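Participant: Dropping a structure here in structure tokens format, bear with me for questions.
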Amino acid sequence: MGLREDLRKAILNKLKKNEDPLEGFFTSEEMEEAILAVLVSGRHLLLEGPPGIGKTTVAKIIARLLPPAKVVKGCRYVCAPDKPTCPDCLGKTKLKSQTLSGEERFIRIQGSPEMMPEDLVGDIDPVLAMRLGIQDPRAFNPGKIQKSHRKIMFIDELNRVPQRTQNTLLQVLEEGSVTISGFDIEAQVDTLVVATENPEEYAGAERISENLGDRFERLSIDYPTVEQEMEILKLYGKKIKPVEMPDKMTQKIVTISQYARSLKDLDCPPSVRSSLSIYEQAQALAQIKGRSKVTTKDVEKVTRTILKGRISVSGESKHYEHPEHLIEQIIEESEGG
């Protein structure tokens with residue numbers, strides 16, 4: 001049974017028990033259903049949305065749904081013990097096995113403009129080539145694609161990757177395999193790709209090539225609601241004992257961030273990560289000041305510092321030269337929002 005069937009059965013089993021397969025990811029009911037439909041159908045998933053809304057979180061949650069899997073111990077291609085196919089395993093008579101948990105069946109690839117095709121598909125290892133010979137397939141050092149066999153392949157910020165490098169994914173997405181250049185070897189890659197992209201207006205973003213984009217199901221995720229963002233802070237935010245964070249202060253933090261996102265003055269509004277940072281640092285400030293409970297002053301003071309380093313004011317805004325004035329406006333006017 002392949003990875004996609006493992007995932008499909010795990011999702012349907014959760015639903016049969018009235019459990020949320022994506023527990024810990026906060027989005028609308030319609031969006032969760034759309035994500036699950038893509039996964040159950042075995043399609044590759046591309047999530048578009050601003051930074052800090054949980055795109056990485058949902059990929060890890062998906063991997064945790066997978067059951068444990070037996071693999072050949074030390075195999076660079078993640079072969080199954082009963083079906084070894086790679087150059088490393090085929091020449092061996094005895095293969096030791098180990099078990100990967102669902103959470104370990106996850107490979108993360110961080111997109112960047114500097115990423116080369118060799119980072120994904122691998123390259124010759126000069127040390128092994130000297131010892132084994134340049135024509136020996138064992139001298140090839142597999143890349144992230146081959147290491148994603150029987151795992152979820154998570155590509156963060158795919159649209160920061162140059163299109164030449166993006167296109168190395170085409171074969172694995174279409175055929176479930178990758179050809180090793182220079183060798184007569186086609187490595188099987190049983191994977192499901194979950195990729196993310198930031199909107200094009202964000203720095204460093206490129207277009208995903210048409211050929212590659214056509215092999216994904218693209219879903220757009222927006223910022224969470226006030227209630228959802230409060231739940232995110234409570235679930236993922238660090239608790240600094242013995243400081244108490246009243247619900248009223250948590251709501252104030254979220255209201256500030258949500259109000260700032262509604263302003264046209266900002267090219268880059270505060271993300272959910274900004275809210276988490278305010279949530280944690282307000283507790284820290286209260287502790288430094290010797291208080292057992294976070295106050296409005298704590299929240300507002302750390303908000304000024306954090307937003308100054310995290311927001312980007314539009315050049316067309318009257319606050320462009322003095323962003324601190326806009327931050328004060330955000331703090332004051334969010335109260336009435």
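The values are calculated or read from the model by the stated rules, or taken from the named source; none is laboratory data. Here the structure is a predicted model, which means the values were calculated and not measured. Neighbour counts run over all protein chains shown; Cβ positions are idealised from the backbone, glycine included. For the accessible areas, the whole protein counts, side chains as well, though only heavy atoms, and no ligand, DNA or RNA atoms are used. Shrake-Rupley method; radii C 1.70, N 1.55, O 1.52, S 1.80 Å.
Participant: Out of the residues in segment 128-142 meeting the condition of being farther than 25 Å from THR165 by Cβ and hydrophobic (A, V, I, L, M, F, W, C), tell me which one is least open to solvent (accessible area, probe 1.4 Å).
Facilitator: Per the criteria, the residue is LEU132.
Participant: Only one of these conditions is not met by GLN281: (1) in contact with a Ser or Thr (Cβ under 9 Å, 6 or more places away or on another chain); (2) part of a loop (DSSP other than H, G, I, E, B); (3) open to solvent by 70 Å² or more (accessible area, probe 1.4 Å). Which number is it?
Facilitator: That leaves (2) as the condition not met.
Participant: Tell me, please, whether a residue that is charged (D, E, K, R), within 21 Å of GLY54 (Cα to Cα) and either open to solvent by less than 20 Å² (accessible area, probe 1.4 Å) or in contact with a Cys (Cβ under 6 Å, 6 or more places away or on another chain) (or both) can be found in segment 229-237. Even if it seems obvious, please write down each step before you answer.
Facilitator: So in segment 229-237, the residues charged (D, E, K, R) come out as 229, 231, 234.
Now drop any that are not within 21 Å of GLY54 (Cα to Cα), which leaves 229, 231, 234.
Checking which are either open to solvent by less than 20 Å² (accessible area, probe 1.4 Å) or in contact with a Cys (Cβ under 6 Å, 6 or more places away or on another chain) (or both) leaves us with 229.
Yes.
Participant: Is it fair to say VAL193 is open to solvent by less than 70 Å² (accessible area, probe 1.4 Å), among the hydrophobic types (A, V, I, L, M, F, W, C) and either under 20 Å from the mean Cα position of the chain (by Cα) or at pLDDT below 95 (or both)?
Facilitator: It is true that VAL193 is open to solvent by less than 70 Å² (accessible area, probe 1.4 Å), among the hydrophobic types (A, V, I, L, M, F, W, C) and either under 20 Å from the mean Cα position of the chain (by Cα) or at pLDDT below 95 (or both).
Participant: Name the single residue that is surrounded by the fewest Cβ atoms within 10 Å (Cβ to Cβ) among those in segment 212-227 being part of a helix (DSSP H, G or I) and modelled with pLDDT of 95 or more.
Facilitator: The residue in question is GLU227.
Participant: Further, regarding this structure: Could you check, for segment 20-28, whether at least one of its residues is open to solvent by 20 Å² or more (accessible area, probe 1.4 Å) and either in a helix (DSSP H, G or I) or over 30 Å from ARG261 (Cα atoms) (or both)?
Facilitator: For segment 20-28, residues open to solvent by 20 Å² or more (accessible area, probe 1.4 Å) and either in a helix (DSSP H, G or I) or over 30 Å from ARG261 (Cα atoms) (or both): absent.
Participant: Counting only residues that are touching a helix residue (DSSP H, G or I) at 6+ places or on another chain (Cβ under 7 Å) and free of Cβ contacts under 8 Å to residues at least 60 places away in the same chain, give me the strands (runs of 3 or more DSSP E) lying completely in segment 90-134 with at least 1 of them. Break it down stepwise before answering.
Facilitator: Working: elements: 97-100, 106-110, 122-124.
Correct list: 106-110, 122-124.
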